[in-house]
Structures are given as structure tokens and as C-alpha cells.
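The values are calculated or read from the model by the stated rules, or taken from the named source; none is laboratory data. Keep in mind that what you see is a predicted model, and the values were worked out from it rather than measured. Cβ sites come from the backbone with ideal geometry, for glycine too, and all protein chains shown count toward neighbours. Only protein heavy atoms, including side chains, enter the accessible area calculation; ligands, DNA and RNA are left aside. Shrake-Rupley method; radii C 1.70, N 1.55, O 1.52, S 1.80 Å.
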Amino acid sequence: MTGTAPRRRGRWIEQWDPEDETFWKETGERVARRNLLYSVLSEHIGFSIWSLWSVMVLFMGPEYGIDPAGKFFLIATATCVGAVVRVPYTFAVARFGGRNWTVYSALLLLAPTVAAIVVMEPGTSYGTFLLVAALTGVGGGNFASSMTNINAFFPMRKKGWALGLNAGGGNIGVPVVQLAGLLVIATAGAGHPRLLLGAYIPLIVLATVLAAVRMDNLAPVRNDTGAVREVLKDPHTWIMSFLYVGTFGSFIGYSFAFGLVLQTQFGRTPLQAASLTFIGPLLGSLVRPVGGALADRFGGARITLGTFVAMAAATGVVVFASERSSLTVFLVGFVALFVLSGLGNGSTYKMIPGIFQAKALARGMSGESAAAYGRRLSGASMGLIGAVGGLGGLGINLVFREAFRSSGSGTTAFATFLAFYAVCCAVTWAVYLRRPAARVPHTAEAPVKPQLTSV
């Protein structure tokens, strides 16, 4: 059922039906898992490059002449660009092919890495640092194209696990680059950031080559302007974008800011901050597949609501610790936020294909037609939802910047985040749990049962 079209260049699969159990067992699962593996590798390195400036600021001592607010803005710039480019990256998969775009986007990571090697020294202008930080945003785009690509490879019953593993493997690029930064600071000192940057050059080349020789393009995946228009008009796209701000926005925002918060609020040295910074992102990345698997079993909305309730509680602990200047309690609460945001990342992304397939069932579709409709709309929506979620990380860093600029403490920032999580709890409950029949709008004639099992 698969084949390579002679008219195309590269590895193309012309027919793909993962919902067909015979096809899945005989051919599909093996091919999908292979593409997942190399997608994870490329996305992993993309996340490392995107989060590079969360580590670079730890190398930037007083001789660089940049205050904490300026460093937060460097991080925020990288976050912003990484969020915005997720939209075109999503549609690039259908335009160029998942394998082809993975090769190109991996190779593109050389640009910000080489640029950082050139400029990373005292005396470089702040504007130059801003420009190079913006370049690292291309690494954030890798997430959107990778998730859209892998979403097309797997059947509905496996999406929570597959998307969670793909995203978790990518997310773990954040703590890995932070651990690498710790190693450089501990062994060579804070004056040698180029050692860290240089280590990523061969890794980027390796990811590019492996994607070229081991991944495939899916010919059935097409850009569908009708699907784009439909998801833009669908309120669930924007509701899920809002919820993803609360989960992924928290994860990436806290990942970028953690080390700088430790330095600024608790007076940690670069080495001390680097020795703690990686812990939260590492745990949050590792549990993301768990969030997807739990959502597969118990329903994404239930897991997401529980996650937001717990995130609000953990934020309360962080506010208390911040007011009392207790580093130990602060670390407990902050690491809990990372773990919970990782669980929520997995559960919210599982909800996306579930919601759109539930809409198909509500409209009387069944079998492959319902699955195709779900893939069509969820693929179109994932890039947009991922982009808005990434902007949540920008918001977190800007709130931190203002809090430290005005008071020298992050307490008011954490109080703001606590209020936001309370709103996320209310939205999740009201839209997806309080009245299940209302989950899919404009389908009053639809049966409720399929919606309960899909979302």
C-alpha cells in the first residue's frame, strides 16, 4: 500500500491509511515509528537552539553591561520569534513534505548557532545580541512542523502517545542544552560560551543527514485552505490555544527564565544557577508523554483540568516562598510547575484531534471519513495553537521583566500566573466537562456518547 512516485524527488509515500488496522500492523506502524524517531531527534536539537539564550545569559557577566531586565528581553525575543514562525512551519509540511522540511529546518539551525559563536563576547552591542537571539527562534518552529507531520502518521488511538513522545523528546532539548551549559561553566568557566555553541554544530549536521536518509514524505498530506478557514472560525481552536498558553507557555517561559530568576532573586552565581536550571525542564519533558498516555485513557479534558488545579496550588507555594525568600521551598514549587506543565502539554495536544474527530462523529460521519476529517482539521489547527502557546512563554518573560524592573522580585509575576491558572481551570471545566453535549458547537442533533470518549 506504499510506494514511491517516480515523478517526485525524495522519499514519498503515495498511500497512507493508519486507521486501517491491517495496513497499520503490516506496514504503517513500522514506518510511523521510524519517522517518529528521527523527528524527535531534529525537534530535540531545535528546542536546544531555541532555548540557547536561557543559557547564554548565564555566561553574560557584568562586563557585558546588560542588566536583568535586558537579559529577560533577550530571552523574550527568542521566545516571540519561535512562536510566530510556528504558523508557516505548520503549512510547510504539506507544501514541501515532512521529510524534506525536516531536512531544511534542521540545516537552518546552523545560522543562529554560527551567529552566536561570532558575537558572543563583551563589547558586542545590545542590538546585535537581540538580532542573534531572534535568529534562534527558528528552532521553535521545528516543533510545529514536527507535530503536524507526526500527527498524520499515527491513528487516532495512538495520537496521544505519539504526539506526547514527539513533543517530550523535543522539549527535553531545553534541559540538555542547560546541562551542557553547566558542564562548560563548571569545567572551563563562564568566559567560554563558544565551547557550548561549537558542540552543537556537528549535532545539527547529524540530525540533517539522518532526516534525509531515514524519513519519508506523505503525499496524502496537503495544505487545505478550506480547513484553515474552518479552524480559524471554530471557537475550539482559540479555546485550545488559550489552554495551551497555560501549559506549554508555562513550560517554555519558565524554562527560559528559571536560571535568570535564580540569579536575580536569590543571588545565585552562574554555576549555582546552571546546576539547578535544568531540573525542572528535564522532568517536565519526561512526563509529557505520560500526559498524552493518561489523556488517551481517561480523557484529555479531565487530565488538563486536574493539571491546572495543581499548577495553581504549586504557584501558591512559589508565591509563599518568594515572599519568605526560601530557596528550598521555591525550588519545590517551581519544579512542580514544570512537571505539571509537562503533563498538561501532553493532555491538551491529545484533546485537539479528539475534538475535531468528535465534531465529525456529531455530523454523522464514521470510520475513515471521520478520521480523515479529524486529521484534516487538527493538522490545520496544531500550528496555530502551538504558535499561540509559544507566545505564552513570551508573556511570562515580559511579566518577569516588569516585575524585576519595578520591584526586584518575581512575587508579583507569580501572583499574576496564579490568577491565570484559575481562569484556565474555569474554561476547561465550563467548555469540556460541565456540559459535554456543548463540546462541539452547532451539532445539537449529534449523540453525546462519541464526544465523551474523544475529548
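Answer yes if at least one residue in segment 213-232 is touching an Asp or Glu at 6+ places or on another chain (Cβ under 6 Å) and in contact (Cβ under 8 Å) with a residue 24 or more places away in the chain, and no otherwise.
Scanning segment 213-232, I find at least one residue that is touching an Asp or Glu at 6+ places or on another chain (Cβ under 6 Å) and in contact (Cβ under 8 Å) with a residue 24 or more places away in the chain, so the answer is yes.
I'm checking my understanding of the structure. Among residues of segment 195-244 that are at pLDDT 90 or above and among the hydroxyl-bearing types (S, T, Y), which one is surrounded by the most Cβ atoms within 10 Å (Cβ to Cβ)?
Y244
List pairs: first residue in segment 301-319 and modelled with pLDDT under 95, second residue of a type in the set (A, V, I, L, M) and not in a helix (DSSP H, G or I) anywhere in the structure, Cβ distance under 9 angstrom, at least six positions apart or on different chains.
The qualifying pairs are A301/V455.
Are any of the residues in segment 134-144 within 30 Å of P220 (Cβ to Cβ), modelled with pLDDT under 90 and in a helix (DSSP H, G or I)?
Yes, segment 134-144 has at least one match.
Run I352 past the list (1) at pLDDT 90 or above; (2) of a type in the set (A, V, I, L, M); (3) under 15 Å from the mean Cα position of the chain (by Cα) and report the number of the one that doesn't hold.
Unmet for I352, out of (1) at pLDDT 90 or above; (2) of a type in the set (A, V, I, L, M); (3) under 15 Å from the mean Cα position of the chain (by Cα): (1).
To keep it simple, each residue is scored yes or no on (1) crowded, with 22+ Cβ neighbours inside 10 Å; (2) farther than 19 Å from F59 by Cα; (3) not hydroxyl-bearing (S, T, Y).
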position	(1), (2), (3)
F96	no, yes, yes
S105	yes, yes, no
L108	no, yes, yes
P155	no, yes, yes
K158	no, yes, yes
Q178	yes, no, yes
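Which residues, taken from segment 81-127, are over 21 Å from L384 (Cα atoms) and outside any helix (DSSP H, G or I)?
Residues satisfying the conditions are L109, M120, E121, P122, G123, T124, S125.
I need the full set of residues from segment 274-287 which are part of a helix (DSSP H, G or I) and closer than 24 Å to T247 by Cα, in order please.
Answer for segment 274-287, where residues must be part of a helix (DSSP H, G or I) and closer than 24 Å to T247 by Cα: A274, L276, T277, I279, G280, P281, L282, L283, G284, S285, L286, V287.
Can we say T269 is of a type in the set (S, T, N, Q) and in contact (Cβ under 8 Å) with a residue 60 or more places away in the chain?
No, not satisfied.
A144 passes all but one of (1) touching a Ser or Thr at 6+ places or on another chain (Cβ under 8 Å); (2) open to solvent by 40 Å² or more (accessible area, probe 1.4 Å); which number fails?
(2)
Name the single residue, out of those in segment 350-404 being in contact with a helix residue (DSSP H, G or I) (Cβ under 7 Å, 6 or more places away or on another chain) and basic (K, R), that is nearest to L74 (Cα to Cα).
R401
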